[in-house]
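Take a look at the structure set out below.
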Amino acid sequence: MHFAAALSISLFATGFSLSAQTPNTATLFGTLKNTEDQPVSEVQISVFGSSQAPVYSDEKGNYEYTVPADKEIKVVFSNLSYNQEIKNLNLKPGQHLQLNLSFHLKVLHDVEITDNTRTSTATRLDPKVISYIPSASGDFNTILFSQPGVSSHNELSSGYSVQGGNYDENLVYVNDIEVYRPVIARSGQQEGLSFINSDMVSSILFSAGGFDAKYGDKLSSVLDVQYRRPREFSAIGSASLLGGSARLEGISKDRRFTWIFGARYKTDQYLLQNTNVQGAYRPEFVDLQSFMTYDISDKWEIDFLGMYSNNKYNVVPQTEQTDFGTVNQAYRFLVYFDGQEVDQFETGQAALSAIYHPNNRLNLKFITSAYKTSENEAQDIMGQYYIDALENDFGKPTFGQVTSNLGVGTYLNHSRDYLNATVINAEHKGSYLFGKNHLLWGIKAQHEIIDYQLNEWNYIDSAGYSLPQGNQQQITLQNILNTQGTFSSNRFSGYTQYIWNKDLKDTSRITFTSGLRANYWDLNKQTVVSPRATLAWKPNWKRNFLFRASSGYYYQPPFFNELIGLNGMVNTNVQAEQSIHFVLGSDYNFKLWDRPFKFVADAYYKILNDMNPYVIDDVRISYLANNNGHGYSKGMDFKINGDFVNGLQSWFSLSVMQARYEINGDSYYDYYNSTGQLIVPGYTANNVKKDSVLIKPGYIPLPTDQIVNVGIFFQDYFPRFPDFKMHLNLLFGTSLPFGPPNSQLYKDTLRMPPYRRVDIGFSYQLVKESKKLPKQNPFHNLKSVWIGLEVLNLLQIQNTISYYWVTDVTGRSYAVPNYLTNRQLNVRIIVKF
């Protein structure tokens, strides 16, 4: 990664000013939003009575318009959905005037008309809320975890599953650049910070299914994030017991060059010191980002996006004490450790974009980007453990104390995993407006180089049962993974999409979005074609309803993880997984207590073909590296959001789903004796014994089959002290399936306890933006100052993320839960300049 070279190119461009502006013109620019502070796109800006061509605001509500100078003019801002705005101006030659407007919805026969963002399956989220959501990670993705269709059961991880998919099936874009997750991370403690810096975000679009053809090749969801374009100099800094962040942004005097820099630091040491595993934790996660834009002329623009992150996770465990079981059968797992784990994940990404807009209809974008990651994981940890039974009689003074020892043993976990990956691509995207209709297209070429060496094994010895016996000369190891290699490949993809709008005679409106996407990967020699379509109908009713129907084919060609089987063998012939989406949805905008609200409901059915079955342990996904499965995911999502408390946004979401799959041809035998007693369950011998019965497991739950999910984010304030606010974040998810290690997947039908977590935060605004301090005050440059107190895991619920399996000398297995974080306090401060 030559980040310095890319940065130098971007900065060198700022030395040129090729403005096409004439001496008798001026520039008008700004951002257009509605009364809900959401960007308004497709606003026509024109000069009244002039033959000059109009311009249109973009999807972020931004516009820039060259107008006549030294004369009185009327600038008209118009959109079919909003009341027209007219501004009388007289600008000086060469003047740049910022004019930001807020638009009110039109009301025709008591029917409110809204903008066309409702016509797709994507939901717009408010990035301003992120800083108020209390969470253990403080990550951008916390705003997603409480959205309908989204499931997260690990507060230390930024990963999430959507409508039955896994963590690898979600697309993430920042300024049209695809970003990636860590490849070999096995736990949320290792992950650190996700790519997106919430301090730099200006807009968020999220779709849980049925998304457009312009988005890439993943099965489940798409997250489309745009970074800010500063309009003035400002800064923000925050600090807490879990880390801190800073953002600095500004704009040049000629308003052609904008820049924004962000830095983040995170440490989980404070959280991890209160877990069941005691030891010396040294997790440090650092992230630096920049986004710069330069208007070379009125028609050309150059953008640069750069990111560098260095995540380190070092731990020297000492002891672990885990109590588990039930009231009637209570156990204690006590471990004394030797060894350590040392991990490092270093990532860099840079992208340079050139944008050409010769007129107000045509927009062309050319992107080149490079991504590089170096991931190292090394651990040798030995644990000497005791399994004890606990007293379960409430009436005895020894209740909860050890009554007997059930087994002792030793286990050793070893890994030496190294991975270096480089992804380089070049891409073109374009769009053209045909009146009310919109044509989009794109083409992309990508080259990947991956070099890897994976060496893992576990050894478990319970009271010597794993030691060599008799003539046996070898010690048996478990979960062996030993593979290395290098491969490079090329991917080619492209899409076309057309958005057609039609106003009917009864003033209702239909929007039909159709698209076609294609992808080819030269490693497995496979070409896939994905047709997709969405139909939206806005009826002319008194109540503001909109109805949507979406369907399409979605393919996910494999990346590195999908090619590595459980036995460590690499299968480069793995084909793309397929998902066929059927989505029916509606939303309803209404007012309650004279405040805006929105209710959204979706029903979906996804057919899964050519599945690559997998198992999940914490955040690591291990694949079979075979397209030998098929399944489905179906469910319903609901969400209501609005100002339940005046001026404060809150939402409630509910998801009900079922995700099942079946391995093609999977079967086993149960062996019964002559009296009908089951003697040998679940064997797959070549020579079938007499009186055996063939069993076909059929459909079993996917590892992400979380049947019910509830997400709540609620804000309130004290009536007499409106600057003192409360922020509540609640997540509930029913039990996830799991099974014993090294067993057939059909046995993964046990269930973990449900995930239940409540985080609450209290904040107080010391300095308000509306109350500027006098200049003689040394703090007069402060715009606002917030202080906050958070109680993480308010209810002190020990959530389970995975299990560690041990066996005593009798052959009995114990599933020992690995618990997540306990209750903790966190203090925060946010300062804006």
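The values are calculated or read from the model by the stated rules, or taken from the named source; none is laboratory data. Everything quoted here is computed from the prediction, not taken from an experiment. Cβ placement follows ideal geometry from the backbone for every residue including glycine, while neighbour counts extend to all protein chains displayed. Just the protein is used for accessible areas: all its heavy atoms, side chains included, with ligands, DNA and RNA removed. Shrake-Rupley method; radii C 1.70, N 1.55, O 1.52, S 1.80 Å.
Observations on the model:
- Just one of (1) among the small types (Gly, Ala, Ser); (2) at pLDDT below 80; (3) closer than 30 Å to Ala208 by Cα fails for Gly682. It is (3).
- Test for Val335: is it over 34 Å from the mean Cα position of the chain (by Cα), open to solvent by 60 Å² or more (accessible area, probe 1.4 Å) and over 30 Å from Ile177 (Cβ atoms): no
- When the test is whether a residue is over 27 Å from Ser369 (Cβ atoms) and modelled with pLDDT of 90 or more, Ser514 passes it.
- Here Asp417, Asp338, Asp380, Asp343 are screened, and the one residue that is touching a helix residue (DSSP H, G or I) at 6+ places or on another chain (Cβ under 6 Å) and modelled with pLDDT of 90 or more is Asp343.
For (1) closer than 30 Å to Pro741 by Cβ; (2) touching a Pro at 6+ places or on another chain (Cβ under 6 Å); (3) modelled with pLDDT of 90 or more; (4) crowded, with 19+ Cβ neighbours inside 10 Å, each residue gets a yes or a no:
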position	(1), (2), (3), (4)
Trp786	no, no, yes, yes
Leu794	no, no, yes, no
Tyr804	yes, no, no, yes
Arg812	yes, no, no, no
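- Residue-level check: of (1) among the β-branched types (Val, Ile, Thr); (2) within 30 Å of His96 (Cα to Cα); (3) under 18 Å from the mean Cα position of the chain (by Cα), Ile196 misses just (2).
- Test for Ser194: is it open to solvent by 10 Å² or more (accessible area, probe 1.4 Å), of a type in the set (Gly, Ala, Ser) and either out of contact with any strand residue (DSSP E or B) (no Cβ under 9 Å at 6 or more places or on another chain) or part of a strand (DSSP E or B) (or both): no
- Within region 532-558, the only residue that satisfies the criterion of being open to solvent by 40 Å² or more (accessible area, probe 1.4 Å), of a type outside the set (A, V, I, L, M, F, W, C) and free of Cβ contacts under 8 Å to residues at least 40 places away in the same chain is Tyr553.
- Residues of region 433-456 classified as among the aromatic types (Phe, Trp, Tyr) and loosely packed, with under 15 Cβ neighbours inside 10 Å, total: 1
- Only a single item in (1) aliphatic (A, V, I, L, M); (2) outside any helix (DSSP H, G or I); (3) open to solvent by less than 10 Å² (accessible area, probe 1.4 Å) is not met by Leu144, and it is number (2).
- All of Asp388, Asp343 fail the test of being more than 23 Å from Tyr63 (Cβ to Cβ), under 30 Å from the mean Cα position of the chain (by Cα) and touching a residue at least 40 places away in the same chain (Cβ under 8 Å), apart from Asp343.
- When residues of region 56-83 are limited to those that are out of contact with any Ser or Thr (no Cβ under 8 Å at 6 or more places or on another chain) and hydrophobic (A, V, I, L, M, F, W, C), the one farthest from Thr507 (Cα to Cα): Phe77
- A residue that is modelled with pLDDT under 80, of a type outside the set (D, E, K, R) and over 36 Å from the mean Cα position of the chain (by Cα) can be found somewhere in region 500-509.
- Single match in Ala370, Ala330, Ala280 (criterion: within 30 Å of Ser240 (Cα to Cα), out of contact with any Cys (no Cβ under 6 Å at 6 or more places or on another chain) and of a type in the set (A, V, I, L, M, F, W, C)): Ala280
- Candidate set: region 601-620, residues that are in contact with an Asp or Glu (Cβ under 9 Å, 6 or more places away or on another chain) and buried (at least 20 other Cβ atoms within 10 Å of the Cβ); chosen: the one nearest to Ser120 (Cα to Cα): Asp602
- Condition met for Asn420 (open to solvent by 40 Å² or more (accessible area, probe 1.4 Å) and within 30 Å of Val315 (Cα to Cα)): yes
- Answer residue from region 150-164, given it is more than 19 Å from Met752 (Cβ to Cβ) and open to solvent by 10 Å² or more (accessible area, probe 1.4 Å) and is nearest to the chain's Cα centre (by Cα) among those: Ser158
- Hey, Pro397 open to solvent by less than 40 Å² (accessible area, probe 1.4 Å) and either assigned to a loop (DSSP other than H, G, I, E, B) or at pLDDT 90 or above (or both) or not: no
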